[in-house]
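Let me begin by presenting the structure, written as structure tokens, before commenting on it.
The values are calculated or read from the model by the stated rules, or taken from the named source; none is laboratory data. Since this is a predicted model, take the numbers as computed values, not measurements. Cβ placement follows ideal geometry from the backbone for every residue including glycine, while neighbour counts extend to all protein chains displayed.
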């Protein structure tokens, strides 16, 4: 019913069914994984009014702690979750508990899907940091670059009274930099590829 995908690896469809409504994927070498995709295979839909809560568990000596990443449903059959940067000590004991398949090694984490009522899924709060940004990484880089340039240029701003004559120096009004900054942001929002023309 479910699949799990990590970039650079084969798709996993070998979920272990640990109870009637719980499925677990083993995730070897999880330290090298940034994101995981959990999806429905499309062969068996959720029953009406049901969806799947997606959990992640780090290997731990004191027992498993599960972190809610998010959910999938018939209307949202796949989701990408960021697992790098999650803190091992955040989470809750969950019904997967010790019923999950035993872990083969300390470098094996687990991704679990728990079939639950949609109303229950809507009331749950995923662990912070698991949601993947919907902003394109290029857009994110461009925004950070614009902010950095503007802040850097603004740090050199002086009033006209503070200026000392220097024949080898060219001065640009900060309003000019601000105008360019605002124009660039507006054009990026309208068409992120405008700079290719």
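Among the residues making up the stretch 22-51, those that are closer than 15 Å to residue 72 by Cα and surrounded by 14 or more Cβ atoms within 10 Å (Cβ to Cβ) are 22, 23, 24, 36, 37, 38, 39, 40, 46, 50, 51.
Here's the yes/no breakdown for (1) at pLDDT below 85; (2) surrounded by 12 or more Cβ atoms within 10 Å (Cβ to Cβ); (3) within 17 Å of residue 145 (Cα to Cα):
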position	(1), (2), (3)
155	yes, no, yes
159	yes, no, no
164	yes, no, no
168	no, no, no
181	yes, yes, yes
192	yes, yes, yes
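Selection of first residues in the stretch 135-146 that are modelled with pLDDT under 75 and of second residues that are not in a helix (DSSP H, G or I), restricted to Cβ pairs under 9 Å at least 6 apart or on distinct chains, gives the following pairs, ordered by first then second residue: 136/192; 138/192; 139/192; 140/133. The listed residues are 11, 54, and the only one of them that is assigned by TED's automatic domain parsing to the domain that holds residue 108 and crowded, with 16+ Cβ neighbours inside 10 Å turns out to be 54. Checking each residue of the stretch 17-35 against the condition of being under 15 Å from the mean Cα position of the chain (by Cα), within 18 Å of residue 120 (Cβ to Cβ), modelled with pLDDT under 95 and assigned by TED's automatic domain parsing to the domain that holds residue 119 gives no match. Scan the stretch 169-197 for residues that are under 29 Å from the mean Cα position of the chain (by Cα) and assigned to a helix (DSSP H, G or I) and jot them down. Matches in the stretch 169-197: 181, 182, 184, 185, 186, 187, 188, 189, 190, 194, 195, 196.
Here is a check on your reading of the model: is residue 192 outside the structural domain of residue 80 (by TED's automatic domain parsing) and in contact (Cβ under 8 Å) with a residue 40 or more places away in the chain? It is true that residue 192 is outside the structural domain of residue 80 (by TED's automatic domain parsing) and in contact (Cβ under 8 Å) with a residue 40 or more places away in the chain.
Going by the conditions given, is residue 51 in contact with a helix residue (DSSP H, G or I) (Cβ under 7 Å, 6 or more places away or on another chain) and either closer than 22 Å to residue 128 by Cβ or modelled with pLDDT under 90 (or both)? Working first, answer last.
Details: in contact with a helix residue (DSSP H, G or I) (Cβ under 7 Å, 6 or more places away or on another chain): yes; either closer than 22 Å to residue 128 by Cβ or modelled with pLDDT under 90 (or both): yes.
When the stated conditions are applied, residue 51 passes them.
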